[in-house]
1. May I have the convex hull volume per residue, in Å³, for the Cα set of the range 277-416?
2. Given the convex hull over the Cα atoms of the range 111-242, what projected area results after averaging over all orientations, in nm²?
3. Among the aspartates and glutamates, which have Cα under 15 Å from the Cα of Lys291 when same-chain residues fewer than 8 positions away are ignored?
4. What number, in nm² with one decimal, is the all-direction average of the projected area of the convex hull of the alpha-carbon atoms of the chain?
5. Between Asp723 and Tyr509, what's the calculated FRET efficiency when r is the beta-carbon distance and R0 is 51 Å? Round to 0.05.
6. Which percent, nearest 5, of DSSP beta bridges in the chain are antiparallel?
7. Once amide H atoms are placed 1.01 Å from N in the peptide plane, what residues at a sequence separation of 5 or more from Asn179, or on another chain, have their amide H within under 5 Å of its amide H?
8. List the aspartates and glutamates whose Cα lies under 17 Å from the Cα of Lys400, skipping any in the same chain that are fewer than 8 positions away.
Amino acid sequence: MSRFLLVFISLPFLLFSQSTGTLRGFITDSTNGGSVISANILLLGTKQGAASDLQGYYFIPGIKTGKQIVRISNIGYVTREIEVRVVKNTITQLNVALVPASITLDEVSITGQRRPDMNDPSISIEQIPLQQIKSVPAGIEADMLRALKVSPGVTSTGDITARYYVRGGGSDQNAVVINGTVLYNPFHALGLFSVVDPEMIKMLEFYKGGFTSEYGGRLSSILNVVTRDGNKNRFMGTAAASTMSGKMSFEGPIPGGSFLFTGRKSYRPEAVQKFLNNRSAPFEFYDISFKLNYSNPNFYENGWFTVHGFFSDDKIENNNPAKEDYYFSNANYGLNWYQVWASPLYSNMTFTYSTFEGEVVPNKTSSKPRKNIIADFTSNWDFTYIFDSRDEIWTGFHNKILTTELYLTNLFGSKTDMKQRGLDMIGYVKYKLLRFETFKLDGGIRLNLVSASEKKPFVLEPRLNITYNPIPILAFRLGIGRFSQNLTTLSNEEELISIFEPWVVVPDYLKPAEATHFIGGIDYYLTEFLKLSVEGYYKDIDNLVDINELKYTSLDPDFVQADGRSYGVDFAFDFFLQSVFFKGSYSLSYSYKKKDGVEYHPRYDTRHAVNLQFGWIFWDGWQFNAVWRFSSGLPFTGIAGYYDKWNIPDPWGQWYAQGQYDPSFLYGARNAQRLPSYHRLDISLSKSFKIFFAKIDLDVSLLNVYDRKNIFYFVRDTGERVDMLPFIPSASVRIEI
């Protein structure tokens, strides 16, 4: 079957005869056997080269035959030069293992950006390595979602949550994907931080808009989490502890591959009381992940198989009938098959199963019971063919079987029992024009063949990204695309802390949300170590699915439709040397939603935002990191006045005897006022050292160093001001054996 599929896919391309030679292979790390991402492979004396992908694979076609000198380099590794003979009409395989540079240099240099991205036609994409995640001072421990908040165009509504908003889109318009598996609830502990343990992360690919045809299902962003493969050369383990949780990891070789296992468990929930305004939250959580890799050439040459799983569980049990209890869990499984074929074709086939279950148990409170269940089975078939001209053609089929269940009762006693099952069938094709040195293009179409929602979105989703390099240090970028989303969350953006946000397939009586992105940008290297970027965007959103705040009976719909738009500009400044790096950004943005004929700013609309990040490695390997953030005030709905409302506790009783006047509020225009501006300084000091056979990492972080009183909200009944995080110290230790 696989050979038939290969011939069928390759047939149109086999007519393309080769008149030169080809070089391909995998770039790995000599110490652990794992893939090296974004390594630069260059043929000396020519302008031909390539960059390794997520599997470490590279492909350079159209090479002049004879002896060639190949230079392989990457930040944090020792550069290698290898002589290779290229044969006409032959694919020559050259696998290279790079030796890491010294630990000290690797810790800093890896935060820099590579120069070849100037020729990449992608737009609004950011690659974030693990060390950059760790360089953001941790409130309790390093966290990938909180690290995103220093990225231009990303906003948040408060210190208490790791939930993020990208360029004016809602939080449910962002997808978190682990090894091709969608993670529907990426938050631990009331949304304080991510369920993904940094120990399993190798790299984050963050698409903030304009993503190309192979990505879809969301309107705003895709966060692609690339996990580590596990050490193929030796067994090793780590143990770490913070003020809130403990964790362990194990990895090592297996015949033909490697394995990685990580686990984390909470043991001290009171450590986060500062995040919750000193209120107790008796939560407990755990997360577990595993990954098995197999790539034995004797079994299947140039084939890479991966089996992976991820599980998380959160419980908030108050043991008090006057308080609600919460339960959340994720379970993800996946199989990936990455194959480089005999012809200039490679494929990536992914089969995943992802589930989420969340429940609110009201006990004796006035809250109502709520429960949400999701089941997602996905199979993706992606193929890439590379021509001698270096151009590429991509095609694929993505199938997703979705089942969502929602059971809830609103404050008015109206019940919702919603169970939906649907199929998404997506086909896409795109062409990457890469043959020219100064002009690159990525153009494609995504086809919505079958939709999980009853009212299918537009069939064609065109995508186009263009990069123009008039000189090697300057790049102009343009991105245009259409996007759709069949899933939505039932959430109320007016809630300060949104704990329960159930996912559902868009109901049959509504249209799926659709968006159009327009993005333009400039990248300019002032020097080899200093880069400036400017990117402007406009996002138009139709058919947003929003909660019906006027639902009183079971006959009223749960959702209504709204529209939205956002636009802005992001400025970024990056400076990096071997021992110092500095990243700065400024964002000017505007976000709007239009519902029931009224346009207003959503709660996450931030007009001005500044992020400054500094890192320095000094005496004997000590590393100092600092992050300063500023944002203008978030919008809120103010109180315009008061009136006395006549309330009758018992409508069947004597109204004149039992009724009474209660003070009530008259609200002003929705989100027409703004809170005071926000700013905060966080710093950390870390050190890695060895004792006998163990490597020990120590980290001390100080949050809100100058104890800025950032307002969280005002209590409507009393007018009391509630602030966000005060000054908080924290520490963690990690031991690697």
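Laboratory data are not the source of any read-out in this text; all were calculated from the coordinates shown. The shown structure was predicted, so the numbers you read here are calculated from the model rather than taken from an experiment. Glycine also receives a Cβ, built like all others from the backbone with ideal geometry; neighbour counts cover every protein chain displayed.
1. Details: hull volume 25.3 nm³, N = 140.
Cα-based convex hull of the range 277-416, divided per residue, equals 181 Å³.
2. Working: hull surface 37.8 nm².
Projected over every direction and averaged, the Cα hull of the range 111-242 covers 9.4 nm².
3. List returned: Asp197, Glu199, Asp229, Glu251.
4. Numbers: hull surface 131.2 nm².
It is 32.8 nm².
5. Working: r = 43 Å, r/R0 = 0.84.
Result of the calculation: an efficiency of 0.75.
6. Numbers: 307 of 318 bridges.
So the antiparallel bridges amount to about 95 percent of the total.
7. Under 5 Å from the amide H of Asn179 lie the amide H atoms of Val225, Thr227, each far enough along the sequence or on another chain.
8. Leaving aside aspartates and glutamates fewer than 8 places away in the same chain, those within reach of Lys400 are Glu214, Asp376, Asp382, Asp424, Glu454.
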